[in-house]
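J.: Just dropping this structure here.
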Amino acid sequence: MNREQTIKSFIMAILTAMLVVGCSDDPPPGLTPSFGFSSIAFVQRAHERNAGSLLNLSSPSPGASLLLLEPAAPGGKLTRLVDLADGSIDGLDVSPDGKTLVFGVRIGMYDRYHIVEMDLDKIGDGSGCLQDDGDLGDQCRRLTFGPFDDTNPHYLPGGSIAFTRVSPDGPVDFQGRGRSKVLMAVQADGSDIRRLDYGPGHVFGPRMFPDGSLNLVNWTKKHGKATFMTMSIDPTQYHGASIITSEIGQQGLPLGISRDELNRTFASCVAPVGTFSAGTICQQNQDGVFKGVVPGLPTGASCSPEGRVKDAIPIGENKFLVSYAKVEGGCVGVLDDDKGMTPDFGIAVLDARTAKRWPVYNNPDYDEVQAVAIMAHELLDRDVDFPQRPELGCDRNTMRIEGLVGKEAISNGAVGIRVLQGLSAALAPFAMTLGGSDVGAFCAGQDGTETVAPIMADGSFSVNLPSHVPLQIELIDNYGASVMRDPIWRGGPQCSERRCSACHSNDGSGAGFDNSLAARAEPFDLAGQLEQQRDFDFRRDIQPILSRSCAVSGCHDAETASGIYVDLSGNPRGLDLHDEPSGITSVAYSNLLFVDSIRDSHGRVVQTMRPYVVPGRARDSRLIQKLGVPCRYSCNGAPTWAPWGFDQEHHHPDDKAEFHGELTDEERWLLLDWVEAGAPFHGRGAKP
Amino acid sequence: MMFFRARFLVMTLLAIILCSFRVSAQDVLNGDPVNFLDQDRYGPGTLIAAMEILASDYSTEATEPLRALLAHPDEDVARMAAWLLRSRGDYANSVSAAAEQLANQDNSIEVRSNAALSLGVLRSAAGMAPLITALNGDPAYLVRLRAAEAIGKLHRIGGAQALSSALAGDESHSVRTACARALASAPDVDPSSLLLALSDSESGVRRESAWSLGRIKALDAVGNLVGVLQNDPDCQVRSAAAWALGEIGDPIAKQALDAAKNGSCAVAAQAAAIAAMKFH
């Protein structure tokens, strides 16, 4: 073979390879009616630079547009829906009926991101959504307000919208890098804003499955290590209602998890570092592991000469609407970027099976990202069942929970149902971080007095509860202490009903609620107004009791407590319950709540004493065990004093009568209720 | 013919092998990440990638090179370096290094502003004095802006007075906006400076001041915020006032919020409607 033939063969090989993985001039499949979308909307912004890390949490460059391309093909009509010289857009979704867009937008460089919804039927020529006086035009409405960065909105069943939020006063993330990016939801009219996830991590790429669950990646701490997890969240519930579906490593982070028409689970798999948050399309296998499926496009951060994709959305028949970039002679990675070889992302349709690609739109001066396919209305009117809000047509402002309590709970002494209503950080500043994670106020009836719903003789119950608020249900004993507590904060829209069988038990005894005693009676009302719910504030409710009966001379005042006994290092020790500020709480509160350690002369811990108060667990709290609790509910035949107390005969501080420190039954119950409510330091409305 | 097909396949294979070799040579950061912390040799993307690897597998040899990145002209690099050093407890030396870069007027504006940013990320009380000096006297607005943001991030007593002064008198509205934002995080904040800023000529400053008054739940601000809700020419500022009134929760504001629901600004009307729900 001569030199000319060699070169010819080499060129042919390269051309063949390009044909296998390269572009196509065929009409994009998005144009065909079988894919059912008439147009696409996407975000156009300046080329991303040195996007070294998905986790860097920095802001994109200023300047962005929201564009509509109709039809979704090269040469389609381009309409500029929003144009921002200084601001930015982060996150875009289209409603299931294709009539509205929702996106996260900040108008100026030093503004905050807010969620805005736009009516596509009213866009006209696209002008006027953002007006000079700061107002929004008729076709747009803002759903979130305040000094938050709200991005990545996504429609949920019933028309509500999930999004991610970073708040300047929100939880600090588990690594201390900044504030956590948390998952929120808001109704379409901007009401009922609430948090869906739980913990000090960050959430990325929430997407809804056809079953209504939200699926996302959560980056948080597990077993002491930073871990990425895929997570499935029931958006009708409140924080805690999530299932970890898999733990994933640093390679191939599945963002934007979606299901296709065959119920297969796909995502854009990106490496968290070094790839402009782009990677390949991967599919979840039976073991829950995401594996790359596009020939020539690797997962992870290794070089990808054939380019990378991000923001992939399945559109059927193995095709995906993607944002795609390729750098000639490069990898679409940070090493190229540092050499000035910045990738140019454009919108394309990609066949994941063959890597065949149909460019849809690209302006080489900008990146086009976050495309969504807008379904043709005529198809939707026929085929799509757009979920209705359940509360429409309902005249009841409550939700109902009913069911049968399992034998296990009954044998542990459960006689009633008490419901804790979660207090947000706005209602109870710092409460969530000081007194344990489950802090709230007890639900009460319309008259503000009833706090416990009875469990019927057959174990059945039926309770009306406030709608649209996080609720935690606990089964309590004759003394008011929780026997079992639902680990999940639940909730629901008005008029919704939830039923459990053999709640908190696997004994299978719960069949037949319809024939139960509770089913034949009126539901017990625990749906009083927020102001009537019983909340707790340590300084307002608890400290006065401690000051009168405990922190007295000779007992738990500062002076006496320091001389009660001598620990191993020779230091006098005792339980000091006096009311002096200590850090951000008080001496009494910190002495009751925090772990006490005894150290030897070398400073080594030789004994750790569990706290006097375990938030949410009165039965395990030494304070309540020592004081003892008299019977309170359904007392016929029950022991007069709680059998789980320290001493059935002698109840502290009555056993120290010389100090006149007696407690009334009501005060003992109040102390127990405070513990069960999460032992908060701050009550509702208290200033931190 | 068979010969040509075989030769074609061999050449295809060769091309792929050659391509793979080139690929592996360019793989991302193979080797010790500390070797990639040299800002004279590597760009921001590489530096950040190296630091992300160090975040999960730290080497003490990285400490010195990281301190050199505290005032890197790229803010993402500076922020990441400061966070890594803080997470390793390297406060004193890191604050000294960043403060020195911040005070040196021979440095570029980017270097000085990112040194200020790093002092905020380091969260050390020792950073307060150099930041206040920069807020009061640096000629570049970007440096003063970053200094204000950093003072807010310190969450410590001692910064509110400097922030209040700059909020009242700095010539740059971006700096004044940053001061209004940072004051909500200052434990010794005096709401009166934020109240005055509700009359600032720039809408961004007024909006941020209203938000901050809501964040600190300034009861004394209700009357002023009601005035802003009713009269401010900018709809975004009015909506911020509505949000703040909802946060403060004083029932006195309910009537004004109800009235604003029918106002001419759609965005303020929506904010007022949502804020008014908190009083039900």
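Just so it is clear, none of the values below were taken in a lab; they were calculated from the coordinates. Worth saying up front: this structure is predicted, and the values here are computed from it rather than measured. In this analysis, Cβ positions are derived from the backbone assuming ideal geometry, glycine residues included, and neighbour counts consider all displayed protein chains.
J.: Averaged over A:266-277, how many beta carbons belonging to a partner chain fall within 10 Å of each residue's beta carbon?
T.: Numbers: counts 0, 0, 0, 0, 0, 2, 2, 10, 9, 3, 1, 0.
Per-residue shielding by partner chains comes out at 2.
J.: Near A:Lys221, which aspartates and glutamates are there with a Cα under 18 Å away, not counting those fewer than 8 places off in the same chain?
T.: Within the straight-line limit of under 18 Å, A:Lys221 reaches these aspartates and glutamates: A:Asp173, A:Asp197, A:Glu247, B:Glu52, B:Asp57.
J.: Taking chain B as a Gaussian network, Cα atoms linked when under 10 Å apart, which of B:Pro191, B:Pro33, B:Pro251 shows the biggest mean-square fluctuation?
T.: Looking only at B:Pro191, B:Pro33, B:Pro251, the largest GNM fluctuation is found for B:Pro251.
J.: Which lysines have a Cα lying under 19 Å from the Cα of B:Lys278, excluding residues fewer than 8 positions away in the same chain?
T.: In chain and number order, the partners are A:Lys687, B:Lys217, B:Lys254, B:Lys261.
J.: How many angstrom lie between the Cα centre of the stretch B:39-85 and the Cα centre of the stretch B:145-211?
T.: Their Cα centres are 30 Å away from one another.
J.: Still on this model: Between B:Gln255, B:Gln105, B:Gln161, which gets the highest mean-square fluctuation from a Gaussian network model of chain B, Cα cutoff 10 Å?
T.: B:Gln255
J.: How would you classify the stretch A:169-225 from its alpha-carbon gyration tensor, with a ≥ b ≥ c the square roots of the eigenvalues: rounded for a/c under 1.5, else prolate if a/b is greater than b/c, otherwise oblate?
T.: oblate
J.: Please state the shape class of the stretch B:148-280: rounded when a/c is under 1.5, otherwise prolate if a/b exceeds b/c and oblate if not, all from the C-alpha gyration tensor.
T.: Verdict is prolate for the stretch B:148-280.
J.: Within 10 Å of each Cβ of B:259-267, how many other protein chain Cβ atoms are there on average? Show your work: numbers first, answer last.
T.: Values: counts 0, 0, 0, 0, 0, 2, 5, 8, 12.
Shielding by partners across B:259-267 averages 3.
J.: Neighbour counts of other C-beta atoms within 10 Å: give me A:Thr144, A:Thr354 arranged from fewest to most. Could you put the intermediate results ahead of the total?
T.: Numbers: A:Thr144 25, A:Thr354 13.
Placing the least packed residue first, the sequence is A:Thr354, A:Thr144.
J.: Is the C-alpha gyration tensor of the stretch A:273-383 telling us rounded, prolate or oblate? Criteria: a/c under 1.5 is rounded; beyond that, a/b larger than b/c is prolate, otherwise oblate. Don't jump to the answer; show the numbers that get you there.
T.: On the way: a/c = 2.39, a/b = 1.38, b/c = 1.73.
Oblate.
J.: How would you rank B:Ile248, B:Ile157, going from fewest to most other Cβ atoms within 10 Å of each one's own Cβ?
T.: Numbers: B:Ile248 22, B:Ile157 12.
By the 10 Å Cβ count, ascending, the order reads B:Ile157, B:Ile248.
J.: Could I ask something else about it? Taking R0 as 30 Å, what's the FRET efficiency between B:Ile252 and A:Asp189 from their Cβ-Cβ distance, rounded to 0.05?
T.: On the way: r = 25 Å, r/R0 = 0.85.
So the FRET efficiency works out to roughly 0.75.
J.: Related question: Per residue of A:135-147, what is the mean number of Cβ atoms on other protein chains within 10 angstrom of that residue's Cβ?
T.: On the way: counts 11, 7, 1, 1, 0, 2, 4, 8, 2, 4, 16, 13, 13.
For this peptide, the per-residue mean of nearby foreign Cβ atoms is 6.
J.: Give the long-range amide H neighbours of B:Gly158: residues separated by 5 or more places, or on another chain, with amide H under 5 Å away, using H modelled in the peptide plane at 1.01 Å from N.
T.: Under 5 Å from the amide H of B:Gly158 lie the amide H atoms of B:Asp188, each far enough along the sequence or on another chain.
J.: Quick check on the exposure proxy: order A:Val94, B:Val267 from fewest to most C-beta atoms within 10 angstrom.
T.: Fewest-to-most ranking of A:Val94, B:Val267: A:Val94, B:Val267.
J.: Straight distance only, please: which lysines reach the Cα of A:Lys291 with their own Cα at less than 18 Å, same-chain residues fewer than 8 apart left out?
T.: List returned: A:Lys310, A:Lys319.
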